[in-house]
Structures are given as structure tokens and as C-alpha cells.
Amino acid sequence: MTKKSENLLIAIWTVSLVATLGSLYFSEVRNYIPCEMCWYQRILMYPILLLSTIAIIQKNAKIALTLLVFSGIGGAIALYHYGIQKLSFLADTAPACKTVSCTSQYIDWFGFVTIPFLSLVAFVMIIIASIALMREAK
């Protein structure tokens, strides 16, 4: 495995670690109850941390496609979740969440940064790094 591939895996690991710790901070420290769509994003982000950790240890750049699939699905969910929070015409299509509405915004920094936005940024960064890793592995 090349040094560039190793650096890309470390970048993916770092982004997924920050995203995982951030989601745990919001729920466990700030006591924000995750909505249903937040749980789906967590379900897709947490394995990326585990898989990228194993890939770094094994020096296995072939994990890139798997990471791309997880982050692509997670990114699509995050984009839709952000859309239902910020776009009124999409808010009407929001799923009927149980305890917490998926349209609620615990944070709204600078008028656009919400938790799903942070999730989307992390997934997009992992998508870009996964594509670069796939190209490097060829």
C-alpha cells in the first residue's frame, strides 16, 4: 500500500472518529435525543470507523468500495434529513418520527449548520477520500 493510500485511510478514520464522537457528544453530553433519521446516519457512520481502523491495521486499501457504499447511503440520508429541516416543501414529506421530530433542529449555527449538515459534510469528505483511495489502488 502506498503512503498516499495510507494517508487517505487515516483521513477517513479521522473524519469518522470526529463524526462518531460528535454524535455521542450531542446525545450523551448535551442530552439531545436523536431522531429516527439521525439513528440511520449513525448506523452508517459507526461501522466506517470500525472498518477504517481494521483497514489501517491490515494496510488494506481494498476497503474503499465498502466505505464508499456506506458513506454514499449515509450522505443521501443526511442530505434528505437536512432538506426536510431547511426546505418547507420537503418538511411536509418528513417521516412520522417517534419521540423527536426529524424536522427539529437542536443546533442552527450561522443559520445553516445543523446536526444533519455536519453529518452530510462528514459523509461527503469520506466519499471523496474513498474515491481517491479507489483511484490510488488501481
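The values are calculated or read from the model by the stated rules, or taken from the named source; none is laboratory data. Note that the coordinates shown come from a computational prediction; the quantities given were computed from them, not determined experimentally. Cβ placement follows ideal geometry from the backbone for every residue including glycine, while neighbour counts extend to all protein chains displayed.
Would you confirm, using the coordinates I've provided, whether Val15 is in a helix (DSSP H, G or I) and either touching a residue at least 60 places away in the same chain (Cβ under 8 Å) or touching a strand residue (DSSP E or B) at 6+ places or on another chain (Cβ under 6 Å) (or both)? I'd like the intermediate steps shown before the answer.
Values: in a helix (DSSP H, G or I): yes; either touching a residue at least 60 places away in the same chain (Cβ under 8 Å) or touching a strand residue (DSSP E or B) at 6+ places or on another chain (Cβ under 6 Å) (or both): yes.
It is true that Val15 is in a helix (DSSP H, G or I) and either touching a residue at least 60 places away in the same chain (Cβ under 8 Å) or touching a strand residue (DSSP E or B) at 6+ places or on another chain (Cβ under 6 Å) (or both).
Got at least one residue in the stretch 42-53 being under 15 Å from Met134 (Cα atoms), touching a residue at least 12 places away in the same chain (Cβ under 8 Å) and not charged (D, E, K, R)?
Initial filter on the stretch 42-53 (under 15 Å from Met134 (Cα atoms)): 52.
If we keep only those that are touching a residue at least 12 places away in the same chain (Cβ under 8 Å) too, we end up with 52.
In the following step, the residues that additionally are not charged (D, E, K, R) were identified as 52.
Within the stretch 42-53, one or more residues are under 15 Å from Met134 (Cα atoms), touching a residue at least 12 places away in the same chain (Cβ under 8 Å) and not charged (D, E, K, R).
Within the stretch 85-103, is even one residue within 26 Å of Ile128 (Cα to Cα) and in contact (Cβ under 8 Å) with a residue 24 or more places away in the chain?
Among the residues of the stretch 85-103, at least one is within 26 Å of Ile128 (Cα to Cα) and in contact (Cβ under 8 Å) with a residue 24 or more places away in the chain, which makes the answer yes.
Pull up the stretch 72-100, narrow it to residues that are of a type in the set (A, V, I, L, M) and assigned to a loop (DSSP other than H, G, I, E, B), then point me to the one that is modelled with the lowest pLDDT.
Going residue by residue through the stretch 72-100, those that are of a type in the set (A, V, I, L, M) are 73, 76-79, 84, 87, 90-91, 94, 96, 100.
Subsequent filtering for residues that are assigned to a loop (DSSP other than H, G, I, E, B) retains 87, 94, 96, 100.
Details: Leu87: 88, Ala94: 73, Ala96: 65, Val100: 82.
Step by step, filter the stretch 72-100, then rank; the result is Ala96.
Applying the selection to the stretch 19-38, what residues are hydrophobic (A, V, I, L, M, F, W, C) and either surrounded by 15 or more Cβ atoms within 10 Å (Cβ to Cβ) or in contact with a Leu (Cβ under 9 Å, 6 or more places away or on another chain) (or both)?
Pass one, the stretch 19-38, residues hydrophobic (A, V, I, L, M, F, W, C): 19, 21, 24, 26, 29, 33, 35, 37-38.
Once the filter is applied, which keeps residues that are hydrophobic (A, V, I, L, M, F, W, C) and either surrounded by 15 or more Cβ atoms within 10 Å (Cβ to Cβ) or in contact with a Leu (Cβ under 9 Å, 6 or more places away or on another chain) (or both), the stretch 19-38 yields Ala19, Phe26, Cys35, Met37, Cys38.
Go through the stretch 19-28 and count every residue that is touching a residue at least 12 places away in the same chain (Cβ under 8 Å) and farther than 11 Å from Ile126 by Cβ.
The initial filter retains those residues of the stretch 19-28 that are touching a residue at least 12 places away in the same chain (Cβ under 8 Å), namely 19-20, 22-23, 26.
Narrowing further to those that are farther than 11 Å from Ile126 by Cβ: 20, 22-23, 26.
Going through the stretch 19-28 one residue at a time, the tally reaches 4.
Quick one: in the stretch 54-71, of everything that is in a helix (DSSP H, G or I), of a type outside the set (Val, Ile, Thr) and surrounded by fewer than 16 Cβ atoms within 10 Å (Cβ to Cβ), which residue is farthest from the chain's Cα centre (by Cα)? Talk me through it step by step, then tell me what you get.
To start, the set of residues in the stretch 54-71 that are in a helix (DSSP H, G or I) comprises 54-58, 61-71.
In the following step, the residues that additionally are of a type outside the set (Val, Ile, Thr) were identified as 55, 58, 61-62, 64-65, 67-68, 70-71.
Checking which are surrounded by fewer than 16 Cβ atoms within 10 Å (Cβ to Cβ) leaves us with 58, 62, 65.
Working: Gln58: 23, Lys62: 20, Leu65: 16 Å.
Among those that are in a helix (DSSP H, G or I), of a type outside the set (Val, Ile, Thr) and surrounded by fewer than 16 Cβ atoms within 10 Å (Cβ to Cβ), it is Gln58.
Looking only at the stretch 24-34, decide whether some residue is outside any helix (DSSP H, G or I), within 27 Å of Glu136 (Cβ to Cβ) and in contact with a helix residue (DSSP H, G or I) (Cβ under 7 Å, 6 or more places away or on another chain). Steps first, please.
Within the stretch 24-34, the first condition is being outside any helix (DSSP H, G or I), and the residues that meet it are 30-34.
Of the ones still in play, those that are also within 27 Å of Glu136 (Cβ to Cβ) are none.
There is no residue in the stretch 24-34 that is outside any helix (DSSP H, G or I), within 27 Å of Glu136 (Cβ to Cβ) and in contact with a helix residue (DSSP H, G or I) (Cβ under 7 Å, 6 or more places away or on another chain).
Return the residues of the stretch 118-133 that are farther than 14 Å from Phe26 by Cα and either surrounded by 18 or more Cβ atoms within 10 Å (Cβ to Cβ) or of a type in the set (Phe, Trp, Tyr) (or both); say none if nothing qualifies. Please lay out each step first, then the result.
Within the stretch 118-133, the subset farther than 14 Å from Phe26 by Cα is 120-133.
Those that are farther than 14 Å from Phe26 by Cα and either surrounded by 18 or more Cβ atoms within 10 Å (Cβ to Cβ) or of a type in the set (Phe, Trp, Tyr) (or both): Leu120, Ala122, Phe123, Met125, Ile126, Ile127, Ala129, Ser130, Leu133.
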